[in-house]
1. On a 0 to 90 degree scale, rounded to 10, what angle separates helix 141-159 from the longest Cα axis of the chain?
2. Could you give the size of the charge dipole of the chain about its Cα centre, using +1 on the Cβ of each K and R and -1 on the Cβ of each D and E, expressed in debye and rounded to the nearest 20?
3. For semi-axes √(5λ) of the Cα gyration tensor in Å, several values are listed as (1) 30, 23, 21; (2) 33, 23, 17; (3) 34, 19, 16; flag the one computed from this structure.
4. Using the Cα centre of the chain as origin and beta-carbon charges of +1 (Lys, Arg) and -1 (Asp, Glu), tell me which of Tyr95, Gly72, Tyr36 is placed farthest towards the positive end of the dipole.
5. HN-Hα J couplings of region 116-131 from phi, Karplus 6.51/-1.76/1.60, θ = phi - 60°, integer Hz, Gly and Pro as x?
6. Excluding Gly72 itself, calculate the net charge of residues whose Cβ lies under 11 Å from the Cβ of Gly72, where each Lys or Arg counts +1 and each Asp or Glu counts -1.
7. With charges only on Cβ, +1 for K and R and -1 for D and E, what is the dipole size of region 147-196 about its Cα centre, in debye, rounded to 20?
8. Between Ile112, Ile120, Ile49, which gets the highest mean-square fluctuation from a Gaussian network model of the chain, Cα cutoff 10 Å?
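We did not get these values from a lab; they are worked out from the coordinates using the rules stated. Worth saying up front: this structure is predicted, and the values here are computed from it rather than measured. Note that each Cβ is placed from the backbone with ideal geometry, even for glycine, and that neighbours are counted across all protein chains shown.
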Amino acid sequence: MNKKKSIIIFLGAVMTAATFCVSVFFGTAQPSGNKYPVFGVDVSNYQGIIDWKTIERQDVDFAFIKATEGSGYVDKFVSMNLENIAETDILFSCYHFFSFDSAGETQAENFIKTVDKDKIKLPPVVDIEYYGDKNKNKPTREETEKILTPLLEKLEEHYGVKPIIYTTMPVYYRYIEENFSDYPLWIRCTQFEPDLLDWKFWQFSDRGMLEGYIGEEPCIDYNVFCGTEDELKEMTIKD
């Protein structure tokens with residue numbers, strides 16, 4: 001190999017590594033639209049009042065709406081969001097923010113009381129991630145499973161479909177991989193494509209910007225589905 005070609009290869013490797021490092025640092029994962037054409041968002045009270053018809057016109061195919069958290073919290077915009085998104089063709093569901101600090105049974109009751117089966121199209125979601133000091137003081141796998149198992153089981157029994165689990169990479173490998181890998185996975189990874197995992201949904205950005213909402217948070221989360229629109233429709237809750 002001549003010296004000039006060696007230099008070109010070396011510079012190319014340096015640029016590739018630099019691009020990867022910048023991507024990891026700033027969180028700039030960019031999924032291929034050809035590979036993942038089914039696009040969606042997830043929202044909570046931070047997006048405030050949402051005009052779902054305007055959201056729909058921006059090629060949004062699916063959406064997940066925050067409904068509950070723990071055993072008592074209810075998102076103040078969930079009812080409005082469910083009512084307004086139902087007037088669109090967006091496929092949608094609600095998510096529950098998992099608490100490491102209260103019983104799974106009462107968390108399930110909170111969600112079921114808030115989200116009627118007939119008001120969502122896709123399976124319910126359990127969002128499990130670290131909060132507060134949990135990243136520093138991690139609950140044990142046994143403690144977490146004792147809460148998560150009845151929560152998932154009660155939701156599946158009520159809605160007639162396996163819930164989707166939303167999580168981060170660290171939480172997935174600590175709590176989900178071993179005993180809950182048969183649940184549909186929605187993974188958060190803003191640095192790179194999580195192609196080593198068998199995921200259904202991928203949250204690739206928390207810095208998205210769309211028209212159609214007025215809230216304290218100017219950004220919105222971007223997601224893609226691993227499959228076609230028809231395959232997404234196959235996940236809808238059956239009557």
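1. In the chain, helix 141-159 runs at an angle near 60 degrees to the longest axis.
2. 1140 debye
3. (2)
4. Tyr36
5. Values, residue by residue: 5, 4, 6, 9, 10, 9, 9, x, x, 10, 10, 9, 10, 8, 6, 9 Hz.
6. -1
7. Using only the charged Cβ atoms, the result is roughly 200 debye.
8. Ile49
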